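Student: The structure that follows is given in the form of structure tokens.
Every number in this text was worked out from the coordinates using simple rules, so none of it is lab data. The structure displayed is predicted, hence computed values, not measured ones. Here the Cβ positions follow ideal geometry from the backbone for every residue, glycine too, while neighbour counts run over all protein chains shown.
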């Protein structure tokens, strides 16, 4: 192995390997960003206070309100529902992001299809629907809105129930793990 000396003749470690080490650590940091993000979310969940039922109820109410097409009001509706039904307001606000700019269109198309199926309505469009204007949606009238809202209610209810039970199980396990960790210390 080759040794390197600095200007004042003091011995340096292998500078190539240290540079390589620094680069490897940088690549490792960049490569596993999602693992750090997942870990930070996990630690935030551990720090949430409250019983698992309280937090799971808030998550379910947030998912329920996130299924409705009231853009900008979903968080407010979720927090109001969480206040009325004694759920976590923070969890409700966070769970409304089930409908975000990436999932709006697929979620609401699915909700509309469920509403059409439940109500047994077949809407036939006589002319081409212009998706760029709001007035074209108003031309469809009350039938479109009611079909969408019924579908949103049904899908929101089902997703809220699923979220509650899965969240409850997950949060109970998380709290048990936290308790074991505290008792171990």
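Student: Starting from the Cα-Cα distance between residue 178 and residue 166, subtract it from 0.36 nm times their residue separation and give me the gain in nm to one decimal.
Tutor: Length gained, residue 178 through residue 166: 2.5 nm.
Student: A further question follows. Measuring from label point to label point, each 7 Å out along Cα→Cβ, what is the residue 118 to residue 70 span in nm?
Tutor: For the pair residue 118/residue 70, the computed spacing is 1.6 nm.
Student: Can you compute the FRET efficiency between residue 38 and residue 85 using 1/(1 + (r/R0)^6), with r the Cβ-Cβ distance and R0 = 35 Å? Round to the nearest 0.05.
Tutor: 0.75
Student: Rounded if a/c is under 1.5, else prolate if a/b beats b/c, else oblate: with a ≥ b ≥ c from the C-alpha gyration tensor eigenvalues square-rooted, which is the range 51-184?
Tutor: Verdict is prolate for the range 51-184.
Student: Taking the number of other C-beta atoms within 10 Å as the exposure measure, put 182, 98 in order starting with the fewest.
Tutor: Taking fewest neighbouring Cβ atoms as first place, the list is 182, 98.
Student: Stretched out fully, how many nm does the piece from residue 145 to residue 109 gain, at 0.36 nm a residue minus the Cα gap?
Tutor: 11.7 nm
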